[in-house]
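The values are calculated or read from the model by the stated rules, or taken from the named source; none is laboratory data. Only a predicted model underlies this, so the values are computations on that prediction, with no experimental measurement involved. All Cβ positions, even for glycine, are placed from backbone atoms using ideal geometry, and neighbour counts span all protein chains on display.
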Amino acid sequence: LDAAALHVGADKLYPTLTAAYNTAVPSDIFYVFPGTYNEQIVIAIDNITFQGSSHPSLNTAENNATITNAVTASDGGNDASSTLLVTASNFKLYNINVENTGGQDNHAAVLSSLGSNNGFYACSFKSWQNTVYAHKESEFFSRCYIEGAVDSVVGITGQAWLQGCTLAALRAKGWITAQGWASSDSTGLFNEREHVQYLGRSWGDYVRAVFQNSDLGGITAAAGWDSMTDDQVTTNVLFEEYNNKNGAGARVSRAKKLTAPQLISSILCSTSLN
């Protein structure tokens, strides 16, 4: 079947994203009109695009389409609670708000991405804990707004690059990132030109998290980084920073200042940037 343009909205052919997705084939583009869509979506078809009607605005405040649900991780884990679960590759999301209103003090993921070369542009992601889950493979975020109180961006084997994003904290004490792998493979969370408490904490024994060219907002704890537990082994924990501002302090001993920025080409393949 040929790819198609699918119009989603209260007065369109498809009133919900689920209804449109049930007819989708690879390379379909969903034009999402203003409204609130109370549903969970699983994207298992490659090369799908969701585009909000405020596109090509770079200002997330102008977004007028929101996908939301209120399922928490206690109902089955981060993937099962996600408002948007992407198991496919080459998925693109433009100018859409995604929320999980599962409530305060709950693990309630908004996005879980397991495919490769998935991109998110001028989108807003809001929850309380584990807002964005870079579960596997590779993800690129550009000019997004990510809000949470605890571990707003988390990852296991995923490689995520966040560029020009705003990371907003819902409470005074918390952690922006939590990353951990089961082996020494080169994965991690890379944050560039962010507007950001603790930059992150180690979720596993192998960790890599980087903040570079970012405005840390003057609210970052002096130590900068933390561990998940007091007795955690940190031999293979890599916390790195380069050319940040408004985040001075005596960093923990395992934190490292880079002498040059990490290049996105060394983390993600070029197709992630399209």
Residues within segment 11-29 that are of a type outside the set (Gly, Ala, Ser) and exposed (fewer than 15 other Cβ atoms within 10 Å of the Cβ), tallied: 8
Qualifying residue in segment 91-102 (condition: crowded, with 24+ Cβ neighbours inside 10 Å and touching a helix residue (DSSP H, G or I) at 6+ places or on another chain (Cβ under 6 Å)): no
In segment 115-150, the residues that are assigned to a loop (DSSP other than H, G, I, E, B) and touching a Phe, Trp or Tyr at 6+ places or on another chain (Cβ under 9 Å): 115, 117, 122, 123, 131, 143, 144, 149
Criterion: within 21 Å of the chain's Cα centre (by Cα), surrounded by 14 or more Cβ atoms within 10 Å (Cβ to Cβ), aliphatic (A, V, I, L, M) and more than 20 Å from residue 144 (Cα to Cα) - qualifying residue of 8, 32, 42: 42
Residue in segment 125-144 that is on the phi > 0 side of the Ramachandran plot, crowded, with 24+ Cβ neighbours inside 10 Å and not hydrophobic (A, V, I, L, M, F, W, C) present: yes
Residue within segment 48-62 that is touching a Pro at 6+ places or on another chain (Cβ under 9 Å), among the hydroxyl-bearing types (Ser, Thr, Tyr) and modelled with pLDDT of 95 or more present: yes
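One line per residue, one yes/no per condition, for (1) under 16 Å from the mean Cα position of the chain (by Cα); (2) farther than 17 Å from residue 119 by Cα:
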residue	(1), (2)
51	no, no
62	no, yes
72	no, yes
86	yes, no
Segments classed as strands (runs of 3 or more DSSP E), wholly inside segment 155-262, with at least 2 members that are at pLDDT below 75: 175-179, 188-192, 198-202, 206-212, 225-227, 236-242
Yes/no for residue 97 being within 15 Å of the chain's Cα centre (by Cα), closer than 15 Å to residue 41 by Cα, modelled with pLDDT of 95 or more and not small (Gly, Ala, Ser): yes
